Amino acid sequence: MSNNNTIPTDLTGQLLAAMPNMSDPRFAKTVVYICSHSAEGAMGLVVNRLVQSITFPDLLDQLNIKTYGMESQIRVHLGGPVDGERGFVLHSPDYMKDATVVVGSKYALTATVDILRDIASGSGPNKSMLALGYAGWGPGQLDQEIMNNGWLNVPPNDAIVYDDNLDTKWERALGQLGIDPRLLLDEAGHA
């Protein structure tokens, strides 16, 4: 018999969708891709919020990276409240460099400026999501938040991770679990 209070020991490579009762406003209705989860803590990237103050061309300009007349741009996501100046690219595993870490079965993570140069020159990964900052949890903190019904574990999905339709990612993540978010009440007394 399984214990409903147990948490998967390793959520690396999974998505988490915030419950409507999420007490931290920085994570209200967010979807987070978990890049690392162990007894030492967890690290993830919010995939459905954008940094409003900078665009990809602006970032490349600040880093003195030539754009080579790029046809497509990637958007700059707000990966989380920790270390907002640090950049991470979550991407398809077709792009692998020495500093790239494979995460889960279909994703990789690179946090060096080289990947930005490669994206700008058109030789980057087929699919990518750029984030500044990350979401971090101390030892046992994420597990406790899940046990307190703060998060739902969702299988990874390329459309949720990579597509530009940010406004529906949270609803789609919950929908993968067969949950209609309109039925999840965040306050008692609503009909």
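Bear in mind these aren't lab numbers, they're just calculated from the coordinates by the rules spelled out. The model shown is predicted, which means the values in this text are computed figures rather than measured ones. Methodologically, a virtual Cβ is constructed for each residue, glycine included, from the backbone with ideal geometry; neighbour enumeration extends over all protein chains shown.
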- Item | Residue check for V113: in contact (Cβ under 8 Å) with a residue 24 or more places away in the chain and more than 16 Å from the chain's Cα centre (by Cα) | yes
- Under 6 Å between Cβ atoms, at least 6 apart or on separate chains: pull out the pairs that start in the stretch 143-168 with a residue that is part of a loop (DSSP other than H, G, I, E, B) and end on any residue that is surrounded by 14 or more Cβ atoms within 10 Å (Cβ to Cβ) and among the aliphatic types (A, V, I, L, M). N149/M19; G150/M19; G150/M22; P156/L15
- Message: Take the conditions among the small types (G, A, S) and touching a Leu at 6+ places or on another chain (Cβ under 9 Å) and apply them to G41. Does it pass?
- Response: yes
- Task: Collect the residues in the stretch 100-121 that are out of contact with any strand residue (DSSP E or B) (no Cβ under 6 Å at 6 or more places or on another chain) and in a loop (DSSP other than H, G, I, E, B), keeping them in residue-number order.
- Result: G104, S105, K106, T112
- Say we look at the stretch 169-182 and pick out the residues that are assigned to a helix (DSSP H, G or I) and either under 14 Å from the mean Cα position of the chain (by Cα) or β-branched (V, I, T) (or both); which of these is surrounded by the fewest Cβ atoms within 10 Å (Cβ to Cβ)? W170
